[in-house]
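Quick notes on the structure that follows.
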Amino acid sequence: KLAMDFPSEDIFLMTASPVIKAVTNFKQVSRTLEEFDVEEQPSSLLEKRYPNIKVIQSGVKQLKSDEHKIFTEDGKEYVYEKLCLCAGAKPKLIFEGNPYVLGIRDTDSAKAFQKNLAQAERIVVVGNGGIALELVYEIQGCEVIWAIKDKAIGNTFFDAGAAEFLIPKLTAEKRETPIECKRTKYTMEGSEEKERSTAAPDTLGSALGPDWHEGLHLKGTKEFSHKVHIEILCEVKKIHSQQEFIQLQRTSLTFPKEEKNVEPDEVLWPLYVELTNGKIYGCDFIVSATGVVPNIKPFLDGNNFAVGEDGGLKVDKHMHTTLPDIYAAGDICTASWEPSPVWHQMRLWTQARQMGWYAAKCMAADILGESVDMDFSFELFAHVTKFFNYKVVVLGKYNAQGLGLDHDLMLRCTKGQEYVKVVMQNGRMMGAVLIGETDLEETFENLILNQMDLSAYGEDLLNPDIDIEDYFD
């Protein structure tokens, strides 16, 4: 956006990676809902499209805000007029520096995971957000012990009811064919079969985005498809190497089978995970999918940034940090303005894209001395994704975030087909979760935005025999 607004200005994009993440297949689903893929592209493509953008492939070593200078790892320095920090976040690993603990955040970590999984018979997954959900669903031929600190799966996105709706999909032996993924997959084609068989195994590659597991062969060593056991209300207390476990002289457990009591495990595993509920399971490795922490460390030294409670750089409603001429957008920042009653920050691709676009708008307005209105995308929290092959739409305060006890829930559920939940407060719709092809997102988006009093409709609001869309057109 900056390159389009200021074609004669030099714009530097500093990145430690040789590729940049680009949004493709963008589709505006409704006023606030958008769908897109994220692809990794060579930075030369961006430079070709916008001749005034120069991509500098180097990490940032230091920022000297009082001098308006950035120092890069390769020993160079750059003077800026305006600076926007978009360094994202990194996986919050439960144990740093342990080769058996893998975090998944980007292409490299996904590839490392795939390689490890090919030899794995049992893994432990820790975490309860989007990546953990997708991972557990996609893994086949490998026992999965899934440790979550909540009562129900998918706590970030939905409630216990929605979790109950999804769980049968986890235990289904027969996998339906996945909905086709729009993203192109690139493979290196050998001209002859012989060449292909001798080619290096890592010549295949696939980009990573909201549907990152597509094109990754997530299969362990066993012949069955799904085997997932969920341990609720617990966290990892300790991890033990095989040696330490033998010395402990404690008992680890086999993979639980429903009809039998849990038995001691005879197999020796490379790693043992001790949970806070006292159980110990052996496994090949752990996947830590426990959220992210904003990547602010490279910019803190000698700069007096205000930092939010969640570890991000605080930004005001024009994406300014607390230092002059420095803005921040995406996972690295903490929204510190008074938000709309039905919006909240969540570190997701959709918000990163919206914030980046809006930050560029604010930077442009500041340079030209113009004023800028708050972007419409911050009016309503809206996110569309896919879990367990179902379309999932979350709107507004979909989990009654911040509403205390002062709210009512209405539910409609058709097993295996759809799950609809709305959050009501004083007769007004504050949020919704829609799983499946409900076609209600636009109607509900409008009802949340215009805060119409719906008390008169009562339970009929979710009556499947009433076409609610016609009502509120």
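The values are calculated or read from the model by the stated rules, or taken from the named source; none is laboratory data. Small disclaimer: the values here were computed from a predicted structure and weren't measured. Reconstructed Cβ throughout: ideal geometry from the backbone, glycine too, with neighbour counts over all protein chains shown. Ligands, DNA and RNA are stripped out before the accessible areas are found, and what is left, the full protein with its side chains, is counted by its heavy atoms. Shrake-Rupley method; radii C 1.70, N 1.55, O 1.52, S 1.80 Å.
Can you find, among N450, A162, A87, the residue sitting farthest towards the positive end of the charge dipole of the chain, where Lys and Arg contribute +1 and Asp and Glu -1 at Cβ?
Positive-end residue among those listed: A87.
Going through region 368-473, which trypsin sites (Lys or Arg not before Pro) have at most 16 other Cβ atoms within 10 Å and a DSSP loop state?
Here the trypsin sites (Lys or Arg not before Pro) that fit, given the DSSP loop and packing criteria, are K415.
May I ask for the distance between the Cα centers of region 1-78 and region 436-468, given as a whole number of Å?
With region 1-78 and region 436-468 each reduced to a Cα centre, they are spaced 41 Å.
Short version: what are the Cα gyration tensor semi-axes of the chain, square root of 5 times each eigenvalue, largest first, in whole Å?
Working from the Cα gyration tensor, I get semi-axes of 37, 33, 23 Å.
DSSP loop (so not H, G, I, E, B), at most 11 other Cβ within 10 Å: list which GluC sites (Glu not before Pro) in region 29-126 pass both filters.
Filter output for region 29-126: E81, E96.
Choose one of V144, Q425, H226: the residue whose Cα lies farthest towards the positive end of the charge dipole of the chain (beta-carbon charges +1 Lys, Arg; -1 Asp, Glu; about the Cα centre).
The one lying farthest along the dipole's positive direction is V144.
Take V392, V60 and sort them by solvent-accessible surface of the protein heavy atoms, 1.4 Å probe, largest at the top.
Highest to lowest solvent-accessible surface, that is V60, V392.
Please report the net charge: other residues with Cβ closer than 12 Å to the Cβ of T251, K and R +1, D and E -1.
Net of charged neighbours comes to -2.
Write out the GluC sites (Glu not before Pro) in region 247-293 meeting two conditions: DSSP loop, and at most 13 other Cβ atoms within 10 Å of their Cβ.
E258, E259, E266
What are the extents of the Cα atoms of region 382-471 along their three principal axes, in Å, largest first?
Its Cα atoms span 34, 31, 21 Å along the three principal axes.
Whose amide H sits under 5 Å from the amide H of M14, counting only residues 5 or more places off or on another chain, with H placed in the peptide plane?
The list, which skips near neighbours in sequence, is I56.
Tell me what the chain gives for mean residue ellipticity at 222 nm when only DSSP H runs of n ≥ 4 count, each as -39,500 (n - 2.57), the sum divided by the residue total, rounded to 500 deg cm²/dmol.
-5500 deg cm²/dmol
Region 26-173: Rg/Rh from Cα coordinates, Kirkwood Rh?
Radius of gyration relative to Kirkwood radius: 1.06.
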